[in-house]
Amino acid sequence: QVQFVESGGGLVQAGESLTLSCAAAGSMIGLAAMAWYRQAPGKEREWVAQSSGRGVIKYVDAVKGRFTISRDFAGKTVYLQMNSLKPEDTAVYYCNYFPFDMRRSSWGQGTQVTVSS
């Protein structure tokens, strides 16, 4: 099983930006379909941005125009650029394959994003 390592979270004020990074521990992401997910307190984990690895990118409506998913050419890292952050973006953010398949990977620790108003 592949495990992903997320980083880049923090405490910011509304309107500020953060960039999250994700790498596969001991492995390569390559052109795999990937997504950023988030889980807010008391809510289920949801995907917020998908990248097929072949140019198809999707976002949930709540983050469209504010978040950008990208990956490096080496196939090692997936990023999530988050602009104009809102308090409702507060959550633990995870990356993983999309769709998630427990036979292929497990969830990492995630990275906490807290947005104050």
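The values are calculated or read from the model by the stated rules, or taken from the named source; none is laboratory data. All values derive from a computational prediction rather than experimental measurement. Neighbour counts are summed over all protein chains in view; Cβ atoms, including those assigned to glycine, are modelled from backbone coordinates with ideal geometry. Only protein heavy atoms, including side chains, enter the accessible area calculation; ligands, DNA and RNA are left aside. Shrake-Rupley method; radii C 1.70, N 1.55, O 1.52, S 1.80 Å.
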May I ask you to list the residues in the range 81-92 that are in contact (Cβ under 8 Å) with a residue 60 or more places away in the chain and surrounded by fewer than 13 Cβ atoms within 10 Å (Cβ to Cβ)? PRO87
If I ask for residues that are open to solvent by 20 Å² or more (accessible area, probe 1.4 Å), within 13 Å of ALA49 (Cβ to Cβ) and not aromatic (Phe, Trp, Tyr), which ones from the range 93-117 would you list? none
Would you confirm whether any residue within the range 47-62 is over 15 Å from PHE98 (Cβ atoms), touching a residue at least 12 places away in the same chain (Cβ under 8 Å) and out of contact with any helix residue (DSSP H, G or I) (no Cβ under 6 Å at 6 or more places or on another chain)? yes
Selected residue (only one of ALA49, ALA32 is in a loop (DSSP other than H, G, I, E, B) and crowded, with 16+ Cβ neighbours inside 10 Å): ALA32
